[in-house]
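Let me begin by presenting the structure, written as structure tokens, before commenting on it.
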Amino acid sequence: MAIERKFIDDAIIKENISQYLGKSLSRAGFSRVDIQKTPVITRITVFVLSPGRVIGRAGRTIDTLTETIRNRFNVENPQISVMEVENKMLEPMLVAKDIADRLERGINARKIIQSTLRSIIENGALGAEIIACGKLAAKGARAKSIRKSIGYIPKSGDVTNLVREAACAAYPKYGAIGIKVRIVPPGTVFPDREIKQLEIPRAILSS
């Protein structure tokens, strides 16, 4: 029971750190964080579009982040490294934020989702799913949801750890919209199946 409790506590701490970094590094294009605990240090790898904004002048920004994580989240000996995002179309958080921005500008939700799925697959993803829930229509319309997916997206078991996932919210004038994005990055190997190159459906190709 103690071991199970530790796993739960570690997951909560990771989620809290991710939320903190997401807010603190939004201007740097925060995408995700990877945390690995060892007996000596806690390695925290931050993936962003602009690493320079995270490091700061003479390393001051990253030093402040390190100290905050040590004190606020009670993390022993945290060491932060910064990695530049190689392809933003394979990063669920960046994709979700881009969708949110376009929804807030009044672009049709279904068209946004279809064109985004096409771009994700064209950039090599083996699977992708986008869900949008909330006020997707004009004022006075009921809340509804749109779910679109391409390729293989496992929903249960340990293989779900191979899927990148992120969520955010858009706030157009008619009400909030929740957005969830799941992406299976290129080169992912599943133990139970082989994923071949995907063909994009004609309906999405023409969107």
Got a sec? How would GLU76, GLU129, GLU84, GLU165 order by Cβ neighbour count within 10 Å, fewest to most? GLU76, GLU84, GLU165, GLU129
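For ILE107 and LEU162, what does the FRET efficiency come to when R0 = 45 Å and r is the distance between their Cβ atoms, rounded to the nearest 0.05?
Values: r = 31 Å, r/R0 = 0.69.
Once the sixth-power term is evaluated, E becomes 0.90.
Can you give the helix-only mean residue ellipticity at 222 nm for the chain, where every DSSP H stretch with n ≥ 4 adds -39500 (n - 2.57) and the sum goes over all residues, rounded to the nearest 500 deg cm²/dmol? It would help to have the intermediate numbers written out before the result.
Working: 6 runs with 72 residues, N = 207.
Computed mean residue ellipticity for the chain: -11000 deg cm²/dmol.
Where nothing but the Cβ of Lys and Arg (+1) and of Asp and Glu (-1) is charged, how large is the charge dipole of the chain around its Cα centre, in debye to the nearest 20? The partial results should precede the final answer.
Working: 34 positive and 21 negative charges, 218 e Å.
Result for the chain is approximately 1040 debye, rounded to the nearest 20.
What's the extension gain from SER145 to SER50 if we count 0.36 nm per residue and subtract their Cα-Cα distance?
Values: separation 95, 0.36 × 95 = 34.20 nm, distance 3.30 nm.
Additional length available on full extension: 30.9 nm.
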Convert each backbone phi in region 39-55 into a coupling constant with the Karplus relation 6.51 cos²θ - 1.76 cosθ + 1.60 (shift: θ = phi - 60°), then list the ³J(HN,Hα) values in order as whole Hz, x for Gly and Pro. x, 9, 9, 10, 7, 10, 9, 9, 9, 9, 7, 10, x, x, 5, 7, 5
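Considering the convex hull of the alpha carbon atoms of region 2-84, report its projected area averaged over all viewing directions, in nm², one decimal.
Values: hull surface 21.1 nm².
Averaged projected hull area, Cα only: 5.3 nm².
Counting pairs of alpha carbon atoms under 8 Å apart in space and at least six apart in sequence, what relative contact order in percent does the chain give? It would help to have the intermediate numbers written out before the result.
Numbers: 339 pairs, mean separation 35.5, N = 207.
So the answer I get is 17 percent.
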Using alpha carbons only: equivalent-ellipsoid semi-axes of region 18-131, gyration tensor based, whole Å: 31, 15, 12
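Under a point-charge model restricted to the Cβ atoms of Lys and Arg (+1) and Asp and Glu (-1), what is the dipole moment magnitude of region 88-205 relative to its Cα centre, in debye to the nearest 20?
On the way: 21 positive and 11 negative charges, 154 e Å.
Once rounded to the nearest 20, the dipole reads 740 debye.
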Net charge contributed by nearby residues that have their C-beta within less than 11 Å of SER50 (K/R +1, D/E -1): +1
Test of understanding: ordering SER156, SER18, SER115 by Cβ neighbours within 10 Å, fewest first, what list do you get? SER156, SER115, SER18
Cβ-Cβ FRET estimate between ARG43 and GLU122, R0 fixed at 30 Å, reported to 0.05: 0.35
Which residue fluctuates the most in the chain, going by a Gaussian network model with Cα springs under 10 Å, if the choices are ILE41, ILE153, ILE121? ILE41
Top positive-direction residue, dipole computed over the chain with Cβ charges, set LEU126, VAL85, SER149: SER149
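In region 120-193, what trypsin sites (Lys or Arg not before Pro) fall in a loop by DSSP, with at most 10 other Cβ atoms inside 10 Å?
LYS139, ARG142, LYS155, LYS173
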Would you mind ranking MET83, MET93 so that the residue whose beta carbon has the fewest other beta carbons within 10 Å leads the list? MET83, MET93
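We did not get these values from a lab; they are worked out from the coordinates using the rules stated. Note that this is a predicted model, so its numbers are computed, not measured. Cβ: placed from backbone, ideal geometry, glycine included. Neighbour counts: every protein chain shown.
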